[in-house]
Amino acid sequence: MLNPPPVVLVTDTSVLVNFLRIDRMDLIRNLSPRFLVTDHAVGEITEVYGDQLARFEAALTAGCCEVCRVESDAALEMFGQLTGTQRLGIGESATIAHAVSIGAGVALDDRRAANEARRISDGLVVLGTVDLTRQMIVEGLLSVEVADAIKDDWATNHRFRLKIGSFRELL
């Protein structure tokens, strides 16, 4: 069983885009943690996922998440170290640095970034799209059937495949 998510999650582009593509940012808004997205991740959405930009802007207006800046000295130092390795992208580096600096958890799907986040901060809560979707079921925002339909949509239409047959396996 997963521990309950932290009160605040700093989310990377990957998690946001999964919910933007299926036009379900309402699920992020209604889930118990507050979601922050760094201005670096916003830049990735603007530059790489421009087709999702209108949905993202609507999600911001609807209060689904809030934009934040990596600006504390500790966060900027960690951001510089992470980007300097060239193993992680700018959005992932900013997400991890900001989360660690404010004591929040992270939401990201990249395995390398998740491992790096855990290495940097032993107690850091690292959740991915699967974990968040499972929590949506636990909190009553989705039924298992709807979550499985979303999983199938991601696999069929958005090249995001999960290594589970059904979310029922995770409950």
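The values are calculated or read from the model by the stated rules, or taken from the named source; none is laboratory data. The model shown is predicted, which means the values in this text are computed figures rather than measured ones. Every residue, glycine as well, gets a Cβ built from its backbone with ideal geometry; the counts of neighbours run over all protein chains shown. All accessible areas refer to the heavy atoms of the entire protein, side chains included, with ligands and DNA or RNA removed. Shrake-Rupley method; radii C 1.70, N 1.55, O 1.52, S 1.80 Å.
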Quiz item: Can you name the residue in the stretch 26-51 that is open to solvent by 10 Å² or more (accessible area, probe 1.4 Å) and of a type in the set (Gly, Ala, Ser) and, of all such residues, is nearest to Leu142 (Cα to Cα)?
Solution: Ser32
Quiz item: Would the stretch 98-110 turn up any residue that is surrounded by fewer than 19 Cβ atoms within 10 Å (Cβ to Cβ), touching a Lys or Arg at 6+ places or on another chain (Cβ under 7 Å) and either touching a residue at least 12 places away in the same chain (Cβ under 8 Å) or of a type in the set (Phe, Trp, Tyr) (or both)?
Solution: no
Quiz item: Do any residues in the stretch 122-135 that are closer than 15 Å to Thr11 by Cα have Cβ atoms under 7 Å from those of residues that are surrounded by 22 or more Cβ atoms within 10 Å (Cβ to Cβ) and aromatic (Phe, Trp, Tyr), where the two are at least six apart or on different chains, and which pairs are they?
Solution: Thr133/Phe167
Practice problem: Would you mind stating whether Arg159 is assigned to a loop (DSSP other than H, G, I, E, B), open to solvent by 20 Å² or more (accessible area, probe 1.4 Å) and more than 19 Å from Leu16 (Cβ to Cβ)? | Solution: no
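Do you know which residues across the stretch 135-155 are surrounded by 14 or more Cβ atoms within 10 Å (Cβ to Cβ) and of a type in the set (A, V, I, L, M, F, W, C)?
Let us first name the residues in the stretch 135-155 that are surrounded by 14 or more Cβ atoms within 10 Å (Cβ to Cβ), namely 135-139, 141-142, 144, 146-148, 150-151, 153-154.
Selection gives Met136, Ile137, Val138, Leu141, Leu142, Val144, Val146, Ala147, Ile150, Trp154.
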Exercise. Starting from the stretch 62-80, keep only residues that are more than 28 Å from Arg29 (Cβ to Cβ), then list their pairs with residues that are at pLDDT 90 or above and not charged (D, E, K, R) whose Cβ atoms are within a distance under 6 Å, requiring at least 6 positions of separation or different chains.
Key: Ala74/Ser101; Met78/Ala97
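Which of the residues belonging to the stretch 18-45 are part of a helix (DSSP H, G or I) and touching a helix residue (DSSP H, G or I) at 6+ places or on another chain (Cβ under 6 Å)? It would help to see each step written out before you state the result.
In the first step, residues of the stretch 18-45 are kept if they are part of a helix (DSSP H, G or I); the result is 18-21, 25-30, 39-45.
Across the stretch 18-45, the qualifying residues are Asn18, Phe19, Leu20, Met25, Leu27, Ile28, His40, Ala41, Glu44, Ile45.
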Practice problem: Could you please find all residues in the stretch 95-121 being closer than 16 Å to Ser14 by Cβ and in a loop (DSSP other than H, G, I, E, B)? | Solution: Leu108, Asp109, Asp110
Quiz item: Taking the stretch 53-74 on its own, how many of its residues are open to solvent by less than 50 Å² (accessible area, probe 1.4 Å) and within 15 Å of the chain's Cα centre (by Cα)?
Solution: 5
Quiz item: When you look at Val138, is it out of contact with any strand residue (DSSP E or B) (no Cβ under 6 Å at 6 or more places or on another chain) and within 13 Å of Val10 (Cβ to Cβ), yes or no?
Solution: no
